[in-house]
Each structure stands twice: as C-alpha cells, then as structure tokens.
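Asker: Sending over a structure as structure tokens; questions will come in a sec.
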Amino acid sequence: MLPLFAGCQLLNLQSSAPVKVSTAGMTRMQGTLTGDNGKLLFQPCGEPRRYVVLDRGNTAILQEAAGLADAQGKVFADLRGRFNASKAEGGDGQLDLHQWYRVERTGQACEDPNFKRLTLHADGENPVWNVNVSGKGMIIDVQGQPPVALPYLEEQLPDGRFNLSSEANGQRVELWVAPQRCVDSKSGALRHLSAELRINGQAVRGCGYYGGSRND
C-alpha cells in the first residue's frame, strides 16, 4: 500500500455498517482519489473541489484503490454517493460513498468522449474485444475482425443480471452481464460488472461498467 493511502485506514474502518438506502439524492461522478493527512479525498474531473470520502456503503474503496495508485498516490474512480458541499475538515465537502463502478490507474478516463452517450461498456482479452452499447444499438469489436453494429434486445434476469442479444447477418450474439466485482486481466482495473460475450456459441469473458446514459 502506498504511503499516501496507508494513513487512511481508520477512515475506512470507522464507516457505518451497510444498510439499504434510497438512491434518491445520489450523484454519480468520475474523478481522482488520493490520501491526504489520514483522509481519503475525491476530486471530480475538471473541478478544484475535494471531498472527504466516508465509505457509508462499505465498498472497500480504500483497499481497492491502494493497489492501483500511481507515483503521486492518485487513482481514477467512478463513484456514486451523496455529495455535501458544506465545509468538511480537510476538504471542500463530504462524499457519503455507496457504490463504485470503476477503479483504475489514472489516464484519459476523465476525457472519454463516449462515456455520456453509452449505457454499457464491456471488454476483455484473448482475443481482445470490446462492446459499446447505447440507445442506438451495440458495436462489437473483436481483434482480427471488422467492428459490427447491431440492434439488440435486453432481457432482465434475477439478481440484477441481464442479457443483450441480437441475430443479424447470420450471427447469434449475446452479452451476459452480472453485478460482480471484476478485475481486468491486463491492466488490473476494477469494474462493477462481469461480462461474457458469446458469438455463435463461442464465449469470451471480461468486465464491464454502466455508461453515463444508464440509471441503475
């Protein structure tokens, strides 16, 4: 664990026990996490404000972030919770965190031009593949093959799982998604969804996350 995060252990351990709460009033934001003077701070993309993070949902965000922090002790995070802009000691406000969608090494995620229009993104390795889903359809890109744009049907399943399926151009395509902590095998990035892409019965596995156009 990097030194900047090491001093934040007490903050995480003092968070309240998990309880079922309404999502009303919660906001999803992307930005960077860092440790400072024993506190975990979240700075939204493009903003100067920093929020002191309280892990109300017992998401283990501290432990998840520590292994991915860069040399400056920063990590990109895609989070949902209640943001209170009132002054908090050591920050410009307080974030009562209830869920994370992505935790990964800092890069260009804040500038992702596709995030807001997507409802879902999934990707994996061996072979490299990715699927971008929006209200207009889904685009499937598999290494060694040209990208394919397809319409789809969505089927809701128990326990928050769902399936996107399409039959076109002589192909049967299915994307099975489940709410489950998933680690990218190449980058180590964390996602809140596991995904399995099946094309004509051939399956490859990976991870996924909701885009900015999907409410969960």
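The values are calculated or read from the model by the stated rules, or taken from the named source; none is laboratory data. Given the structure is predicted, the values throughout are model-derived calculations rather than measurements. Please note: Cβ atoms are built from the backbone with ideal geometry, for glycine as well, and neighbour counts cover all protein chains shown.
Asker: Which condition does ARG214 not pass, out of (1) outside any strand (DSSP E or B); (2) of a type in the set (D, E, K, R); (3) farther than 21 Å from GLN30 by Cα, if it passes all the others?
Answerer: The number of the failed condition is (3).
Asker: Then there is this: Within segment 104-136, can you find the residues that are in a loop (DSSP other than H, G, I, E, B) and either within 24 Å of ILE61 (Cβ to Cβ) or under 14 Å from the mean Cα position of the chain (by Cα) (or both)? First the steps, then the outcome.
Answerer: In the first step, residues of segment 104-136 are kept if they are in a loop (DSSP other than H, G, I, E, B); the result is 105-108, 112-114, 118-119, 125-128, 135-136.
Answer for segment 104-136, where residues must be in a loop (DSSP other than H, G, I, E, B) and either within 24 Å of ILE61 (Cβ to Cβ) or under 14 Å from the mean Cα position of the chain (by Cα) (or both): ARG105, THR106, GLY107, GLN108, ASP112, LEU118, THR119.
Asker: A further question on this structure: What are the residues in segment 162-199 that are free of Cβ contacts under 8 Å to residues at least 24 places away in the same chain, surrounded by 15 or more Cβ atoms within 10 Å (Cβ to Cβ) and over 16 Å from the mean Cα position of the chain (by Cα), if any?
Answerer: Those that are free of Cβ contacts under 8 Å to residues at least 24 places away in the same chain, surrounded by 15 or more Cβ atoms within 10 Å (Cβ to Cβ) and over 16 Å from the mean Cα position of the chain (by Cα): PHE162, ASN163, SER165, TRP176, GLU196.
Asker: Still on this structure, I have one more. Using the structure shown, decide if PRO146 is part of a strand (DSSP E or B) and not assigned by TED's automatic domain parsing to the domain that holds ARG28.
Answerer: Against the criterion (part of a strand (DSSP E or B) and not assigned by TED's automatic domain parsing to the domain that holds ARG28), PRO146 does not qualify.
Asker: Determine whether segment 43-66 contains at least one residue that is modelled with pLDDT under 90 and among the charged types (D, E, K, R).
Answerer: Quick first cut of segment 43-66, residues modelled with pLDDT under 90 only: 66.
Now restrict to residues that are among the charged types (D, E, K, R): none.
No, the conditions are met nowhere in segment 43-66.
Asker: Under 6 Å by Cβ, and 6 or more places apart or on different chains, what pairs join a residue from segment 135-146 that is farther than 18 Å from GLY124 by Cβ with one that is in a loop (DSSP other than H, G, I, E, B)?
Answerer: So the pair list comes out as GLY137/PRO151.
Asker: Basic (Lys, Arg), at pLDDT 95 or above and either more than 23 Å from SER194 (Cα to Cα) or under 19 Å from the mean Cα position of the chain (by Cα) (or both): does that describe ARG82? Lay out the reasoning, then the answer.
Answerer: Values: basic (Lys, Arg): yes; at pLDDT 95 or above: yes; either more than 23 Å from SER194 (Cα to Cα) or under 19 Å from the mean Cα position of the chain (by Cα) (or both): yes.
The answer is yes for ARG82.
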